[in-house]
Amino acid sequence: MLHAMSKLKILVALLGIVALTMCSQNEGPLPSGQVRAVDVKADALMARAQAQRAAGKLSAARSTLKQIVNNHDLSPCAPQARMMLGEIEERLGDPREAFLQYGKVVEGYQSSELYSQALNRQLAIATAAANGKLMGKVLWMWNVPMEEEKVIEWLQSVIKNAPYADMSATATSVLGNYLVQRRRYDEAAGVLKKLVEDYPDSPYAPGAQLMEAKLWASSRTRGDNNLVNLDRAREAYEEFTLLFPHHKDVGIARNGVREMERLMVEQELEVGRYYLERAREYGPAVFCFEDVIRQESANPQAAQKARQLLARARAALRRASLAAKKS
């Protein structure tokens, strides 16, 4: 009986080993970034793709590489196949597909030494598109400039995935300048501000800070928030002098502060004139003119005009008060 029980235990143990082996053979995909130890078929396909590429047969190499990435994505050569596929798509003039393939390396093989190389290629593609040096195709049309949203999407992707600050700062700078060129000023100001906040030691930071100030300064001619935008510009110029006191452009920033203060006083003078001459609200007009006079050091000419207008505003306010009492 005991002998039979021992045989039964051995049989159960053997069945357990077989079950574990079968589970191991039928397990699901490995975690992202991991590969199987050996894949003979994938290695053979890679050798064929390399030979095809060396012979200049790029379309054939692309087809072979797609067999690897589609059917052997966990093989040791899968990251290299993705990288090669991206390079071939670039050479064949399809930057969208190239960026996508490099992105597969970035997303799926973080532990691979090709991770940074793929991101660098993505940054190069996005930068070329932002600089207008890259054409693509849309449906049946060839040599069409890359659409704005695609360029922005690419640069944001690099910023998100960049493994070190230098690359991310570079991509952020390219994005900020691209938005400026497209006259998307509010978005550009936000991107440039983030660049300075996140990468203050970057060589791009001083230029970004100065550009942000100039954007706010120029925006005073757009919309109804003139004083608000001038104040933002003044703050941006002041921040430049604090963050980069020894920079060669610090004089430009100091002049910018003074100019914004002068313009703010001038703008307040015009607000007071509006209250006096058009709105006929004499109390607010008096307040504006008095405030302009208090800031005479920032704008002497405006203060001189404010004194003349203040006398008129006070006289009009007295007349309005008397009229109100009589009624």
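Structure notes:
- Candidates Arg314, Arg273, Arg280 - the one that is farther than 16 Å from Leu230 by Cα, among the basic types (Lys, Arg) and out of contact with any helix residue (DSSP H, G or I) (no Cβ under 7 Å at 6 or more places or on another chain): Arg280
- Residues in the stretch 63-103 that are among the acidic types (Asp, Glu) and under 20 Å from Ala124 (Cβ atoms): Glu87, Glu89, Glu90, Asp94, Glu97.
- Residues satisfying the stated conditions in the stretch 288-300, i.e. in contact with a helix residue (DSSP H, G or I) (Cβ under 8 Å, 6 or more places away or on another chain) and either over 15 Å from Glu268 (Cα atoms) or without any contact (Cβ under 8 Å) to a residue 12 or more places away in the chain (or both): Glu296
- Any chance Gln67 is farther than 17 Å from Ala171 by Cα, surrounded by fewer than 21 Cβ atoms within 10 Å (Cβ to Cβ) and at pLDDT 95 or above: yes
Residue-wise test of (1) modelled with pLDDT under 95; (2) over 22 Å from Tyr185 (Cα atoms); (3) not hydroxyl-bearing (Ser, Thr, Tyr).
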site	(1), (2), (3)
Gly207	no, no, yes
Met211	no, no, yes
Val228	yes, no, yes
Thr241	no, yes, no
Arg254	no, yes, yes
Glu296	no, yes, yes
Ala303	no, yes, yes
Ala306	no, yes, yes
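- Residue match in the stretch 251-261 (condition: closer than 30 Å to Asp201 by Cα, among the polar types (S, T, N, Q) and either within 37 Å of the chain's Cα centre (by Cα) or assigned to a helix (DSSP H, G or I) (or both)): yes
- In this entry, Ser116 passes the filter for residues that are closer than 25 Å to Asn70 by Cα and modelled with pLDDT under 95.
Residue-wise test of (1) of a type in the set (A, V, I, L, M, F, W, C); (2) touching a residue at least 60 places away in the same chain (Cβ under 8 Å); (3) farther than 26 Å from Arg232 by Cα.
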{"residue": "Ile125", "(1), (2), (3)": "yes, no, yes"}
{"residue": "Glu147", "(1), (2), (3)": "no, no, yes"}
{"residue": "Leu155", "(1), (2), (3)": "yes, no, yes"}
{"residue": "Val158", "(1), (2), (3)": "yes, no, yes"}
{"residue": "Ser173", "(1), (2), (3)": "no, no, no"}
{"residue": "Leu195", "(1), (2), (3)": "yes, no, no"}
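- Selection count, the stretch 57-77, where residues are in contact with a helix residue (DSSP H, G or I) (Cβ under 7 Å, 6 or more places away or on another chain) and touching a residue at least 24 places away in the same chain (Cβ under 8 Å): 8
- Of the candidates Leu215, Leu242, the single residue that is more than 14 Å from Leu263 (Cβ to Cβ) and under 21 Å from the mean Cα position of the chain (by Cα) is Leu215.
- Qualifying residues in the stretch 69-100 (those that are of a type in the set (D, E, K, R) and not in a helix (DSSP H, G or I)) - the one farthest from the chain's Cα centre (by Cα): Asp73
The values are calculated or read from the model by the stated rules, or taken from the named source; none is laboratory data. Here the structure is a predicted model, which is why all the values come from computation and not from measurement. Reconstructed Cβ throughout: ideal geometry from the backbone, glycine too, with neighbour counts over all protein chains shown.
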